[in-house]
Each structure stands twice: as C-alpha cells, then as structure tokens.
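Derivation of every value follows stated rules applied to the coordinates shown; laboratory data play no part. Everything numeric here is computed off the predicted structure, so don't read it as measured data. Neighbour counts run over all protein chains shown; Cβ positions are idealised from the backbone, glycine included.
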C-alpha cells in the first residue's frame, strides 16, 4: 500500500496539472484575502483569517475533485486496474493507498497558506494580535473537510471511467454534502427536525470547528463520513469485479 501511495503522489507531482491546481488554489485564496475589496484583510481591518476558512471549502470543491478524478477512473480506462489486482493488495488497500495519497496532496496544498497566517500575525497591532487558538481549530476543520472531500472524490472516481464525469460528479456530491442538508432544512423543514437535518450536513460541523471549538462529536462526524465513503467505494469496486 505504501508503494501505491508513493506512486500516486509522485505521479501527481510529476505532472503539470499538479502545480496548476495548487497555484490556482493559492492564487485564488491570496486574491480573496489580500486584493478583492469585498473580502481582503487590509480593508476589513481585523487580524483574522475568516476569508480563508469561509471561502476555502468552495475552492476545495473544485480543487480536490481535480486531484482525485483520475485515481481510479484512469486505472480502469487504461486497463491497469487488472495489474493492481494481480499484486498482493486487497481492494481496501488499493482504495486506502489512493485515498491517503489524495489527502496528502490536499495537506500539501494547504501548508503554504501558513504564510498568510504569518503575514496577518506580523501586521497585527500589536504584533501577534490574532486568535491563534481559533486559527488552529479552523485549520483542523479545513483539513478534516479536505479528508471528507477526498473520500467523496475517490468514490466518484470509482463510479466512472471518464475523468471529466468523475470530476463533475465529485463536485456535485461535495456541494450536496457540504451545504445541501443545511439548505434543505432551512427551506423545507421547520421545528425540531430542522436542526437534525442540518446536523447531517458538513457545513454545520465545519462552522462549529471554524469558531475554534474542537469538539469530539464534530471529529467523529468527519471520520464517520470518510469511513462511509471509503466503504461505499469498496462496495463499488467489489461489485464490478464480478
């Protein structure tokens, strides 16, 4: 599984699309935080990173499917999936190897945003006037969100041999799981059931962590969704071997 992980990471980093995706992500977040008048920190006047953590999930909806769309779809289309089956690897090990590779690349894309934290830390009046504990909690939420989106992307990649179809399906599923439940609970339902439906969506738990509050219930939710998506991917792969 480690060899498969390294193969996926090296294959992605050796391609031009890797640097294009990461550059677009960092440039987009940078423009939102420092340039665009509606969202930039300098005009806002407060030393925080709310722009990154509020808009980052929507950038992730396109960034992560671009990373994961080829992982299983290309293997099936090129016929190399059969070669993987000849190796001493179970379906679950193949899925986990590709999942952890995608998750690593997501973290690799997020790490450079620490420069933005340092910049705001240095620009604060006085220096360091930023809620570091809140930022840490928000980063934990963003990384867990990246893990969930990666698992959704892997599932979408297992459903089609076409990378574009996998990309579109992953974007759609990420959007539905992130904000679909919250929108549904607000538009259609009322009363006590509205909160229960909203809690099924990612945005409810992500917003809780973005306030800097790391609650075990939110962490369990994210890990639970990741587990379900990986098991569904395993079910899809197993069903197509027959």
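Structural descriptor for region 2-239: relative contact order 24 percent, calculated from alpha carbon pairs under 8 angstrom and at least 6 residues apart. Specify whether the C-alpha gyration tensor of region 119-231 places it in the rounded, prolate or oblate class, a ≥ b ≥ c being the square roots of the eigenvalues: rounded for a/c under 1.5, otherwise prolate if a/b is larger than b/c and oblate if not. Oblate, because a/c is 1.5 or more while a/b does not exceed b/c. If I fit a long axis through the Cα atoms of helix 16-34 and take the longest principal axis of the Cα atoms of the chain, what angle between them do I get, 0 to 90°, rounded to 10? Taking the Cα atoms of the chain, the angle to 16-34 is about 20 degrees.
The angle between the Cα long axis of helix 114-123 and the longest principal axis of the Cα atoms of the chain comes to about 0 degrees, rounded to the nearest 10. Footprinting exposure proxy ranking of 54, 138, fewest other C-beta atoms within 10 angstrom first, gives 54, 138. Between the Cα long axis of helix 2-13 and the first principal axis of the chain there is an angle of about 60°, rounded to the nearest 10. Cβ crowding within 10 Å, taken as a proxy for footprinting-reagent exposure, orders 205, 234 from fewest neighbours to most as 234, 205.
Neighbour counts of C-beta atoms inside 10 Å place 32, 63 in the sequence 32, 63, starting with the fewest.
Radius of gyration over Kirkwood radius for region 2-239, both on Cα atoms: the Rg/Rh ratio is 1.00.
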